[in-house]
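Before any comments, here is the structure.
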Amino acid sequence: MMEPQLLKTGTTTVGIVCKDGVILAADKKVTAGDLISSLNFEKVVLVNDNLAVTTAGMVSDVQLVLKVARAQIKLEELRRGKELTTKESVNLFSGLVYSNIRKYSPIPGITAFLLGGKDNAGMHLYNLGPDGSMSEIDTYSCDGSGMPYALGVLESQYKPNMSLEEGKRIAIAAVSASMNRDVASGGGIDIVTITKDGIKKVYSERLRTSLGQQ
């Protein structure tokens with residue numbers, strides 16, 4: 001019997017803390033074994049009006065964790081009668097990721113997220129590892145198979161208190177460096193900003209890979 005081709009996001013994901021907000025960026029490629037399943041997959045996802053995440057890992061598990069997290073955050077806010085803080089939302093995500101990878105299954109439930117959020121205390125960036133570990137980031141973070149290449153760009157170009165426009169430029173450079181070297185990253189780049197005014201997609205570019213494209 002032929003083994004199923006599991007969809008993986010391969011991935012390069014980047015999060016950058018800027019003076020006026022947080023930037024999340026990611027490539028767009030999805031792989032199934034040795035095949036490219038998609039070159040136009042959204043890996044920067046809005047959870048609600050205050051929270052966005054980048055995704056890495058098994059596509060089915062990522063989608064499940066996101067679906068359950070959205071529902072639980074909404075239910076908790078209805079129960080309390082107020083919005084959750086970013087840290088409270090991240091704690092909820094962390095518990096779901098922890099439980100997902102430890103469930104009994106012949107297929108490991110691997111997921112990882114960078115989470116950007118806003119609340120009354122400001123804008124925040126968190127790194128949520130595949131094991132459910134959680135850490136708040138005050139500079140930059142990246143994840144996925146292309147991390148070593150993106151990290152080199154971030155380490156050389158990041159500076160504290162830079163503008164969102166500078167952060168966007170560095171995010172593009174970091175993901176582009178990864179796509180040039182990491183076979184599991186590619187397809188294009190999506191960038192979202194989280195500021196006091198809300199969450200906004202500020203950049204989306206697909207690579208031209210078809211011979212018919214000009």
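Go through the range 153-190 residue by residue and tally those that are of a type in the set (Ser, Thr, Tyr), closer than 13 Å to THR12 by Cα and in contact with a Lys or Arg (Cβ under 9 Å, 6 or more places away or on another chain). Show your work before the answer.
Start the filter on the range 153-190 by keeping residues that are of a type in the set (Ser, Thr, Tyr), which leaves 156, 158, 163, 176, 178, 185.
From the residues that got through so far, the ones that are closer than 13 Å to THR12 by Cα too are 176, 178, 185.
Okay, now just the ones that are also in contact with a Lys or Arg (Cβ under 9 Å, 6 or more places away or on another chain), so 185.
So the count comes out to 1.
You will find that of SER163, SER178, the residue that is within 21 Å of THR31 (Cα to Cα) and touching a residue at least 60 places away in the same chain (Cβ under 8 Å) is SER178 and no other.
Look through GLY81, GLY33 and report the one residue that is over 16 Å from the mean Cα position of the chain (by Cα), surrounded by fewer than 15 Cβ atoms within 10 Å (Cβ to Cβ) and without any contact (Cβ under 8 Å) to a residue 12 or more places away in the chain.
Numbers: GLY33 fails: without any contact (Cβ under 8 Å) to a residue 12 or more places away in the chain.
Exactly one residue qualifies, and that residue is GLY81.
Summed over the range 132-156, the residues that are under 15 Å from THR111 (Cα atoms) and of a type in the set (Ser, Thr, Tyr) give a count of 2. How many residues does the range 193-208 hold that are exposed (fewer than 14 other Cβ atoms within 10 Å of the Cβ) and among the small types (Gly, Ala, Ser)? Counting residues in the range 193-208 that are exposed (fewer than 14 other Cβ atoms within 10 Å of the Cβ) and among the small types (Gly, Ala, Ser) gives 1.
If only residues of the range 91-114 that are surrounded by 16 or more Cβ atoms within 10 Å (Cβ to Cβ) and either of a type in the set (Gly, Ala, Ser) or at pLDDT below 90 (or both) are counted, the one that is farthest from THR11 (Cα to Cα) is SER94. Just to be sure I understand, how many residues within the range 181-190 are crowded, with 23+ Cβ neighbours inside 10 Å and farther than 20 Å from PRO148 by Cβ? Residues in the range 181-190 being crowded, with 23+ Cβ neighbours inside 10 Å and farther than 20 Å from PRO148 by Cβ: 1 in total.
VAL47 - would you say it is surrounded by 16 or more Cβ atoms within 10 Å (Cβ to Cβ), in a strand (DSSP E or B), at pLDDT 95 or above and out of contact with any Lys or Arg (no Cβ under 7 Å at 6 or more places or on another chain)? Taking the combined requirement at face value, the residue does not satisfy it.
The values are calculated or read from the model by the stated rules, or taken from the named source; none is laboratory data. No experiment lies behind these values; they were computed from the predicted model shown. A quick note on method: Cβ atoms are made from the backbone with ideal geometry, for glycine too, and the neighbour counts reach across all protein chains shown.
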